[in-house]
Each structure stands twice: as C-alpha cells, then as structure tokens.
Amino acid sequence: FSAEQRAEEGGDAERRLIGERIEAAATPQELFRLSELHSLNSNQASLLIAQLSRLAAEKHLETEGIVQDERFGQLFAIVDAQVSQVWNNTLVKLLRSLYALGLDGGRREVQSIEHEVLWRLRRLGFRQLAALAELLALRQGKDSKLLGEVIRKLELRWTELEGTRTVVLLMAKVGHVSPALMDRLEDKALELAEHFGPDDIRRIALALAYQNRRSVPLLRALSYHLLQKHSELGLAVLLDLIFAYGKLNFHQPQVFQKIAGELQPHVATMTPLEVTRCVRSFALLKWLNLPLFEAIAQYTLDNCKEVSVPQLCSIIVSFARLNFQPSANEDFFSMVHERLQGQLASVEAPLLVAVVWALCVLQQAGAPYLRHVLAPAFHARLPGDSSPKAQSLRLKLLQINAAARLESPGYAGPFLPAELLGAQGPGAEKATPLQSGLREALAGLLAGGDNGRFDVPTVYGWNIDAEMLLDRENRPLPLTGFVAPHLLRSEGTSPLPPGARRVAFLRWEFPSFSNRSKELLGRCAMARRHVQAAGFLLVDVS
C-alpha cells in the first residue's frame, strides 16, 4: 500500500479509538482528559460535548461546573471554528446537548450552531428533522424562527414519514405547533393504526386530548384495535385513555367497559390522585360502572386519612354528576361530614360551591353547609363577571338555594337575596329539535298564546321547557292572571282555582348517552325533584 493509504488507515483507526473512548468514559473528568491527550477535530469535540451532557443527565451532575471548566471552553472553540465540518447527526446531538447543559441561547457560539443547522435543513433526514422539531418545540416554543423552518420542511416532506415511533413522537411533541402538520400526522396514524401498541395509542390519545382535536375516524380506529388486539393494559395506559376520552367527550361503550373492568382490580393499590383522575373522567363521560364506583367508594373509606380534602371534594362531585349512592351510604357520608367539618373555611370558594351542590344532589347537605355558602359574606366573594365559570357558580348557588327551600324543612336561612335569583346567565341561543317539536305538539293543545310558556327560567336555577296550567277538568287556563312563585316576577296575583294544577315539561336530550334513566345524571334527578316539590305535575319529554 502507498504511504498515503497507510496514513489514511492510521487516521481512521485513531478516530475509531477516540470515538470508543468517548463512549466508554464514565465521568466528565475522563472526557476532559481525552481532550487534553488528543488533538480533536470539530466532530469529535461535538461528540465529547454530547457525552458530557448525557453523563450530567444520567448522574444528576451540576452543569454549571462543567460549562465553566476551561477545557469545555476549548472544546467549544474547536466546534465554533470548524462547525461546517460537524456531521449532520452529530450537529443535531450537539444542539440538544448545549440546551441541556443550560447555555444561554443568546451566546454567539450557540447562535452560530443554530445558524448552521438552519442552513443544513435540506440535507437532514426526516428523522433528524423530527428529532430537531421535538427539541425546538420544547426549548424555544412556537415563536422560534428555526422551529418554523423545520416545521415547513416536515410539511413538505411528510410523504417520507414512516414508522410508528416517529408518528407518535411528532403528534405528541410537535403537533400543537402546526395544525397543518397535525392533519397529515392524523392521516398517517390512521394508516398505521393496526401497528400501534398500547403505549402508542395512549400517547396519541393524549396528544389529541391536549390539543382538543376530536378526530373521530382516528379515535374509532384506535378504539377498535385496542379492543381486538390488546387483552391487558397497564394502569398508566388505562388512566390516560379514560382521561383522553373524557376530555374529548368521545363515547365508546365497549372501550369504557373494558377500561372499567381492568381498572377495578387496581383500585386498592392506586394513589389518591389516580383515583381522583379516574372517577372524574368517568363522570365527564356520564358513564357509571357500579362495581368500579363501589370499589372507589370503599377505597375512599379505607384511605380517608390519605385522601386530601380537595381530592375528597372532587370524588363527591363526580359521584353527584352520576347520582351515585354507595352501598355503604351511611358510613361513607359520615366519613365525608367528619372530614369536611371545620374545613369549610379553608376550601376554595368555587370548589366549596361545587361540593355543597353535589351534597344537595345526593340529598346529604346539612344546615352547616347551606348556611356557609348562602351567607351574604360568602357569595359576595364570588366573581360577578359574565365568564362561563362565574355563570356556572351562580347557577349552582341558585340550585343550592332551591334545595334549601324545597328539600330542607329544618333550615331557617339565610337564603339568596331576590336580586341574585334571576342571575342565570343567557339562555339557549337556538332551540333544539326536541324543543321545537314540543312547541309544535303543544301549539294545537293550547287554545291561546297566554295558555303556555316556553323555556321558562325559574328562581330554582332550572329552566322549564314548557309550562301550562290545567283546571280540574284538564282544560288549559291562561297563565298571566295567577301567582307564579317559581318566577322572579309573577305576572298575576290571583291564587290558583281549586283543583287546578301546574304542568311542567322537562326534556331528556342526551343522544350519545347509552343509559336513558332520568335518575342517572345527578343534575337531572335534582331538577325533577325540585320541580315536583314546587307543586308541578312533571312530564318527561325525550
């Protein structure tokens, strides 16, 4: 062989040796000694910096001491002087390492490396672009110029996308930056749905939930393969899946049944936070699985000291949304009252309103709860703006006030003042098909326009879909002349004729809800109780 060839082979052997020693180094000092023993080129210096970053992360080392070492500055100078000779893959690793080591993004050398990455984007492979996009989305956010260019390259080259890992990574880490890219990723995920494992499905579902993207075809495909191919799921997968379905309000009864059945054996070993997440997600989905909820109620009883007051409140609210009464009802609520006694003043006002409302739904709200939230000093602290959250709080207060008047005979006050009884917020903007059908059906029955009311807001916090007044012969009577205690301002003063009855129509309209029982949803159950307690003859419409 020629002298030139022997020199080249000797150089390759030395490069391999240096690379092996860099990978084998176990401490930053070993790496710094290597930099002193060998004359490194910019690519080797970049690999050494990447290894320093990896060791610092694995061994939880202080990065400040590494960055301030004089030898680190020398390595950085080598890279900066010959950055154009750093290999593509190493360049991406180098940028990641510099961010991990906490170097200031405004430093000239860091900006020089970012600029080099920007110039090389067309020469990077798709996976390198994906890794770079993940890094920049985490470190720099949506306003990064470099991230914007990387996203554009990914959008143009999306046909090169292959492999489930890259799809999942981009959806979870980068999809929120570019809706157009996320559309492509959803299409690709739909193609690859049968190849996803349980953890892939979990990460995709969470990505859709966090971005509030209700991609029905993709969710259906993931649900199908989840049922067909994956017999047992881990606890983390189960909790994240039911959270994602709840966040997106996506109903798949077979999936819910599978998740509930597999969660039940885990309940006894779950943490209070996991139990709270679980029960809240099922409540959002309006899905009651009795064995699972009984297990959660028993867990709360057995671990009452470990469950914090806010977590206990969240569990009670979830039970109320589904009108769930534990079989050990007396023991459970005795524990609840004991835990909440003396803690009402320390609970945040919105959460306290929610938990007292929940106790009213479950018919467990005693006088101390009612007095606390109906006191003028308490409801004066609540926000008075027109935000949805503030309107929801006011509506719950109206319903608590109604429960105090209609379902608590021993309660003597305080009650909400008259000026708050009409604060229900705006009504429905457009009548639903069921409401329109009800109006058409009643139009022929009511002889005149004064004989009926529609979409009636009451002082109890519930809207009556239709109201009419019948005499003892079941003939319609005009509503305007008679006293109406359920309205904020009554249109008449005359008492009802002997034998006359008020009739209220309440609709039941949950097309995606599998169980049609009116007793299942707590707020519907309480509305029906209050309307009947106010003296109405109730007619359910569905």
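Values in this text are rule-based calculations from the coordinates and carry no lab data. Everything numeric here is computed off the predicted structure, so don't read it as measured data. Heads up, the Cβs are rebuilt from the backbone with ideal geometry, glycines too, and the neighbour counts pull from every protein chain shown.
Place +1 on the Cβ of every Lys and Arg and -1 on the Cβ of every Asp and Glu in the chain, take the dipole about the Cα centre, and give the residue among G452, V373, T27 whose Cα lies farthest towards its positive end.
Selected residue: G452.
Taking the Cα centre of the chain as origin, work out the dipole magnitude from +1 charges on Lys and Arg Cβ and -1 charges on Asp and Glu Cβ, in debye rounded to 20. Walk me through the numbers before you get to the answer.
Numbers: 60 positive and 58 negative charges, 287 e Å.
Its charge dipole is roughly 1380 debye.
If exposed means no more than 14 neighbouring beta carbons inside 10 Å and the site is in a DSSP loop, what's the longest run of the chain without any exposed GluC sites (Glu not before Pro)?
63-161
Explain nothing, just the number: relative contact order of the chain, from Cα pairs under 8 Å at least 6 residues apart, as a whole percent.
7 percent
Calculate the length of the line joining the C-alpha centroid of segment 206-265 to that of segment 38-114, in whole Å.
That distance is 42 Å.
Using the Cα centre of segment 78-153 as the reference point, and only Cβ charges (+1 on K/R, -1 on D/E), how large is the resulting charge dipole? Debye, rounded to the nearest 20.
300 debye
Assigning unit charges at the beta carbon (Lys, Arg +1; Asp, Glu -1) and nothing else, what dipole magnitude in debye, to the nearest 20, does segment 1-123 show about its Cα centre?
Numbers: 15 positive and 19 negative charges, 82 e Å.
The dipole of segment 1-123 has a size of about 400 debye.
How large is ³J(HN,Hα), in whole Hz, for each residue of segment 143-151 in order, when computed from phi with the Karplus curve 6.51 cos²θ - 1.76 cosθ + 1.60 and θ = phi - 60°, using x for Gly and Pro?
Karplus-based 3J(HN,Hα) across segment 143-151 equals 7, 5, 5, 4, 4, x, 5, 4, 4 Hz.
So what is the 222 nm mean residue ellipticity for the chain from helices alone, if each DSSP H run of at least 4 adds -39500 (n - 2.57) and you divide by all residues, rounding to the nearest 500 deg cm²/dmol?
Details: 25 runs with 313 residues, N = 542.
Helices in the chain give a 222 nm mean residue ellipticity of -18000 deg cm²/dmol.
Output ³J(HN,Hα) for segment 393-400: one whole-Hz value per residue in order, computed from phi by the Karplus curve 6.51 cos²θ - 1.76 cosθ + 1.60 with θ = phi - 60°, and x for Gly and Pro.
5, 5, 5, 5, 4, 4, 6, 5
Given the options Q399, W158, Q51, identify the residue whose Cα lies farthest towards the positive end of the charge dipole of the chain (+1 on Cβ of Lys, Arg; -1 on Cβ of Asp, Glu).
Q399
So which trypsin sites (Lys or Arg not before Pro) in segment 79-140 are both in a DSSP loop and have at most 13 other Cβ atoms within 10 Å of their Cβ? Walk me through the numbers on the way to the answer.
Numbers: sites: K93, R96, R107, R108, R120, R122, R123, R127, R139; in loops: R107, R120.
Taking segment 79-140 and a limit of 13 other Cβ atoms within 10 Å, the loop trypsin sites (Lys or Arg not before Pro) found are R107.
Computed from these coordinates, which is Rg/Rh (Cα atoms, Kirkwood Rh): (i) 0.96; (ii) 1.05; (iii) 1.13?
Of the labelled values, this structure produces (iii).
Percent antiparallel among DSSP beta bridges with both residues in the chain, to the nearest 5? Mind showing how you got there, number by number?
Working: 12 of 19 bridges.
Bridges in the chain that DSSP calls antiparallel: roughly 65 percent.
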